[in-house]
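Worksheet for the structure shown next.
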Amino acid sequence: MKALEGVKILDMTHVQSGPTCTQLLAWFGADVIKVERPGVGDATRKQLVDVPGADSLYFTMLNHNKRSVTVNTKTERGKKILTRLIEECDVMVENFAPGALDRMGFSWENIQKINPRMIYASVKGFGPGDYSDCKVYENVAQCAGGSASTTGHLGDVPMVTGAQIGDSGTGLHLALGIVTALFHREHSGKGQRVECAMQDGVLNLCRVKLRDQQRLKAGPLKEYSQFSENILFGEATPRAGNDSGGGQPGRILKCKGWEKDPDAYTYFITQAAVWKNICDVIGKPEWKEDSEWATPEVRLPKLNEMFDAIEAWTMTKTKFEVMEICNPLNIPVGPILSMKELSEDENLRKTGTVVEVDHPERGKYLTVGNPIKLSDSPSEVVRSPLLGEHTDEILKDVIGLSDDEIAAAKEEGAV
Ligand code: CAO
């Protein structure tokens, strides 16, 4: 049995944050029933289309292992169908704009009346407060959650990151909230509301920057390169380029081939405990006992000089050679891997983290499988559903409609 087998999820999510959450639950074995508008579906089906006529990678890569039912929830018959689905399901997940479900007639109060055991989970851009009515997308959340103000180079514009911490990050948070509420329901017998605001989710992932905001009161942040460059700190946590977020200085350094390969770089952390190993590796054994270099404190004001010396060595090696040499010496390094390299990585293929999936409209494509591995509930990635592919079976098997009722619903455009 899969870990979440028997759990029915009414999936009213779209775009990225909500679908990330329900895809995870589906990988753990939940029956995820994705409700989509007839003839339209999740907007991402037709966004960034690369194969004309086929569902986009944007959609397919976020909606594996789900079933799709089309229901127009703004028609009377559609509302009845949705009501029946709420009665039959354990969890309802949505990430519509604020108030959209209430306008459909499905407020939390109503949902509780229909099914007191229902766990109702939502993603919104902001929690209660001045901005609670706003529609929010990924980069807005990154900006509002403290990520952009702390990402990028000092003196340069704030930067958003490639990792979708606003959408996918919040989806992950929400999934944890849902399984926690399911666990709680075992004792209480009741459902509850689970909410995760994207701003809050991003801020949670940026907590080390809020840590640094408070440390500023005690003086300059000495592990930041800015300190070694004698640049004064302002009132807020600054952007710190590629400085390490922890107490040990780290940077991205050039490796052999950097002139032509945009990803020929390594991350290099000058972990204090292995400083002597670093000195030997980079050809500076004299720094081991030199009072100007031997301790983290004396090195902090000279980070540029230190990393220049390390880079002079990394530039003589490929990023993989750097890893092979440094790993046995416990020097923390990491190659900058491109998406091309990751998509071809044998290990990731073997563990099912990178998976090839076959799709009837678009043929074979690569996706990221479940990154969370359970020993007794392994995930297989099943292709995403076509729009309304499971409408008939869900209406029949889940809510018990007859063939005549299904035909009438289709006639009215309710499904
Ligand atoms: N049948 C009938 N109507 C349906 C339907 C269905 N099955 N499914 C959705 N709809 C309707 C909704 O009821 C809503 O109608 P009203 O505006 O009349 O109430 C309408 O479709 C559009 O919903 P929306 O406002 O959520 O969609 P949008 O494209 O305008 O906004 C987004 C998208 C993502 C900005 C917004 O949903 C949002 O802010 N969500 C919360 C935050 C979030 O998750 N953001 C991350 C998205 S990924 O970057």
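A few notes on this one:
- For segment 16-32, the set of residues classified as within 12 Å of the ligand (Cβ to nearest atom) and out of contact with any Ser or Thr (no Cβ under 6 Å at 6 or more places or on another chain) consists of Gln16, Gly18, Cys21, listed by residue number.
- Of all the numbered requirements in (1) more than 39 Å from the chain's Cα centre (by Cα); (2) exposed (fewer than 15 other Cβ atoms within 10 Å of the Cβ); (3) in contact (Cβ under 8 Å) with a residue 24 or more places away in the chain, Pro301 misses one, and that requirement is (1).
- Residues satisfying the stated conditions in segment 1-27, i.e. surrounded by fewer than 22 Cβ atoms within 10 Å (Cβ to Cβ), modelled with pLDDT of 95 or more and not charged (D, E, K, R): Ala3, Gly6, Val7, Val15
- Top-ranked residue in segment 71-90 [being β-branched (Val, Ile, Thr) and part of a helix (DSSP H, G or I); ranked as nearest to His390 (Cα to Cα)]: Ile81
- Cross-chain or 6+ apart pairs with Cβ under 9 Å, segment 349-372 first and touching a residue at least 60 places away in the same chain (Cβ under 8 Å), then assigned to a strand (DSSP E or B) and acidic (Asp, Glu): Tyr365/Glu356; Tyr365/Asp358; Thr367/Glu356
- Against the test of being within 13 Å of the ligand (Cβ to nearest atom), surrounded by fewer than 20 Cβ atoms within 10 Å (Cβ to Cβ) and either in a loop (DSSP other than H, G, I, E, B) or of a type in the set (Asp, Glu) (or both), the options Phe126, Phe106, Phe96 yield a single qualifying residue, Phe96.
- Unique match (being open to solvent by less than 50 Å² (accessible area, probe 1.4 Å) and more than 16 Å from the ligand (Cβ to nearest atom)) among Gly177, Gly191, Gly155, Gly166: Gly191
- Residues (among the acidic types (Asp, Glu) and either open to solvent by 60 Å² or more (accessible area, probe 1.4 Å) or under 24 Å from Ala30 (Cα atoms) (or both)) located in segment 344-382: Glu344, Glu346, Glu356, Asp358, Glu361, Asp376, Glu380
- Members of segment 231-275 found to be open to solvent by 50 Å² or more (accessible area, probe 1.4 Å), without any contact (Cβ under 8 Å) to a residue 24 or more places away in the chain and not assigned by TED's automatic domain parsing to the domain that holds Arg299, listed by number: Leu232, Gly234, Glu235
The values are calculated or read from the model by the stated rules, or taken from the named source; none is laboratory data. Note that the structure is a prediction, hence the values are computed from the model and not measured. Heads up, the Cβs are rebuilt from the backbone with ideal geometry, glycines too, and the neighbour counts pull from every protein chain shown. Heavy atoms of the whole protein, side chains included, go into the accessibility calculation; ligands, DNA and RNA do not. Shrake-Rupley method; radii C 1.70, N 1.55, O 1.52, S 1.80 Å.
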